[in-house]
Amino acid sequence: GQNIDQPTEMTATEGAIVQINCTYQTSGFNGLFWYQQHAGEAPTFLSYNVLDGLEEKGRFSSFLSRSKGYSYLLLKELQMKDSASYLCAVRGIVNTGFQKLVFGTGTRLLVSP
Amino acid sequence: EAQVTQNPRYLITVTGKKLTVTCSQNMNHEYMSWYRQDPGLGLRQIYYSMNVEVTDKGDVPEGYKVSRKEKRNFPLILESPSPNQTSLYFCASTFDRARAGELFFGEGSRLTVL
């Protein structure tokens, strides 16, 4: 099976840097995804890691360590609009051979002025 | 515009009254999936479809049915809704199962069953 843990809530200040951690246990790991979800809206894809290391995309970066079952999402130069939930999702191989995506419960980030 | 469209966006119904939530995508995606989202539980997969006429159960399929007669449409059917199916529902799609991670989500359908 798959198990994903991430903090429930975090707060940060506008302009700062915040790191949202995600730890996971899965069989047949085949990728880790981060999604952003504003309140009342649909999740939107942010980033994807399948190999160890850092992937940078503008103000957002995502890191993966497969040996540690660990990822983090780094948000720089925080803006008020970054207040949202951030969902960690892991793709693994199930016994049917299908690649299944499982979501964590999300981390709600509140950015204050 | 590339999008996943769900209808209705909001619905209040009563126990036992059959309902269908429609989902349509205009991106020619092979893979489509339904999720429900509940506080503290995150997004949980109900059913998914890898292509036309190919569907399978996700993690929480009880009380739901789906069909995939056309590539673009993937309706979610609640034959006899119950209050524990009150939730926020999302339809999602992606190109194929190899990329079943970069999902495009619909805007969500908030369902209340009284």
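Just need a number here: residues in region B:12-59 that are more than 10 Å from every other protein chain (Cβ to nearest Cβ), more than 15 Å from B:F95 (Cβ to Cβ) and touching a residue at least 24 places away in the same chain (Cβ under 8 Å).
So the count comes out to 17.
Could you look through region A:1-35, keep only residues that are of a type in the set (G, A, S) and outside any loop (DSSP other than H, G, I, E, B), and pick out the one that is nearest to A:K68 (Cα to Cα)? Give the derivation first.
Restricting attention to region A:1-35, the residues satisfying the condition of being of a type in the set (G, A, S) are A:1, A:12, A:15-16, A:27-28, A:31.
Still in the list and also outside any loop (DSSP other than H, G, I, E, B): A:12, A:31.
On the way: A:A12: 26, A:G31: 14 Å.
Per the criteria, the residue is A:G31.
Look through B:V66, B:V4, B:V14 and report the one residue that is of a type in the set (A, V, I, L, M) and closer than 21 Å to B:L114 by Cβ.
Numbers: B:V66 fails: closer than 21 Å to B:L114 by Cβ; B:V4 fails: closer than 21 Å to B:L114 by Cβ.
Being of a type in the set (A, V, I, L, M) and closer than 21 Å to B:L114 by Cβ holds for just one of B:V66, B:V4, B:V14, which is B:V14.
One line per residue, one yes/no per condition, for (1) away from chain B (no Cβ under 14 Å); (2) in contact with a Leu (Cβ under 7 Å, 6 or more places away or on another chain):
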| site | (1), (2) |
| --- | --- |
| A:M10 | yes, yes |
| A:A16 | yes, yes |
| A:N30 | no, no |
| A:H38 | no, no |
| A:A42 | no, no |
| A:F45 | no, yes |
| A:D52 | yes, yes |
| A:S62 | no, yes |
| A:G69 | yes, no |
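Read the figures in this text as sums done on the coordinates, not as results from a lab. These numbers come from a predicted model, not from an experiment. Glycine also receives a Cβ, built like all others from the backbone with ideal geometry; neighbour counts cover every protein chain displayed.
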